[in-house]
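Input: a single structure, listed below in structure tokens.
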């Protein structure tokens, strides 16, 4: 298993966490999602995968949820 850390802006509450988690969980190869919510800042989203997953696929899932992945 591999992990990828994404920094996501715009998340402010548990509903935001659920939306991002749901979208990322639908990406093929994603086994788990953990979020450290930082209201007003960049939240840390750790994605655990069972197979290689393209960064673009993860970014697209976050965008679909209505949020933005920012550079580390």
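A short reminder: the numbers here are calculations on the coordinates, not readings from a lab. Values in this document were obtained by computation on a predicted structure and should not be read as measured data. All Cβ positions, glycine included, derive from the backbone under ideal geometry; neighbour counts span all protein chains shown.
If the condition is being within 13 Å of residue 58 (Cβ to Cβ), touching a helix residue (DSSP H, G or I) at 6+ places or on another chain (Cβ under 9 Å) and in contact (Cβ under 8 Å) with a residue 24 or more places away in the chain, then segment 5-29 contributes 6, 8, 20, 23, 24, 26, 27, 28, 29. When the strands (runs of 3 or more DSSP E) confined to the chain are screened for residues that are crowded, with 19+ Cβ neighbours inside 10 Å, those reaching at least 3 such residues are found at 30-36, 42-49.
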